[in-house]
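The values are calculated or read from the model by the stated rules, or taken from the named source; none is laboratory data. In this text, all values refer to a predicted model and were calculated from it rather than measured experimentally. A quick note on method: Cβ atoms are made from the backbone with ideal geometry, for glycine too, and the neighbour counts reach across all protein chains shown.
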Amino acid sequence: MRILIVEDEAKVAGFIKKGLEEESYLVDVARDGAEGLEMLSMNVYDAMVLDLMLPKKSGIEVMRETRARKMNVPVLMLTARDTLDDKVSGLDAGADDYLTKPFAFQELLARLRSLLRRGKAEVAMLKVDDLTLDPATRKVRRGGEEITLTAKEFSLLEYMMRNEGRPLSRTTLSEHVWDINFDRMTNVVDVYINFIRNKVDKGFEKKLIHTVRGVGYTIKG
């Protein structure tokens, strides 16, 4: 799952990003409200962590414009303020939940998971033949046997399964599974595809992950 953090405090953004990546989430960071809106228009996110006090556009402005554009991304709003008016303003603008700084990362993680569970699309079980992936529990199984994946392996497999049968180029995979600063000249996509093949296809007569000559890769039953 892909999360957008809109936070101008570098230490806070880095703290959240590192923690979420360790939990297997793909994370992008915007440093101001205008950049956050731009990134929302270019990418599909499963959730957004949005600070209230931001340069260029405030969190309230970002929230209102996001909802005005009919974007239904779940939003967890952050702020150093702890007044009732601030909480009400954030929720009235369209935020789904509210967390006051300072906070424990585990509380932020629990609230994000709760937001993700509210939408059926985000928690729907993904299935390709006898391979299943549950985004909510982050469990992967084939033939009933659990498969252990690293954070990047999980993100790569999830994206491919969400696009079952669609040929995906290396560039497309790198843009959706690695961050926006990813060096596309490396062969890391091929390396990770091999990692996944060894865990998903090895020992099974029917192979699910296929090379599309001249394009990239696809997964299909």
### Task
Can you confirm whether the range 183-204 contains a residue that is touching a residue at least 24 places away in the same chain (Cβ under 8 Å), farther than 18 Å from Leu133 by Cα and in a loop (DSSP other than H, G, I, E, B)?
no
#### Entry: Among residues of the range 142-161, those that are buried (at least 17 other Cβ atoms within 10 Å of the Cβ) and in a loop (DSSP other than H, G, I, E, B), counted
1
### Query
Does Thr172 fit the bill of being at pLDDT 90 or above and under 21 Å from the mean Cα position of the chain (by Cα)?
no
#### Entry: Output for the range 18-57, where each listed residue is out of contact with any Ser or Thr (no Cβ under 9 Å at 6 or more places or on another chain) and closer than 20 Å to Thr100 by Cβ
Gly19, Leu20, Ala47, Val49, Leu54
### Query
Condition test on Glu164, is it of a type outside the set (A, V, I, L, M), under 19 Å from Lys127 (Cα atoms) and either in contact with a strand residue (DSSP E or B) (Cβ under 9 Å, 6 or more places away or on another chain) or surrounded by 18 or more Cβ atoms within 10 Å (Cβ to Cβ) (or both)?
yes
### Query
Can you find even one residue in the range 120-128 that is at pLDDT 85 or above and not basic (Lys, Arg)?
yes
### Task
For the range 210-221, enumerate the residues that are within 26 Å of the chain's Cα centre (by Cα) and farther than 11 Å from Leu131 by Cα.
His210, Thr211, Val212, Val215, Gly216, Tyr217, Thr218
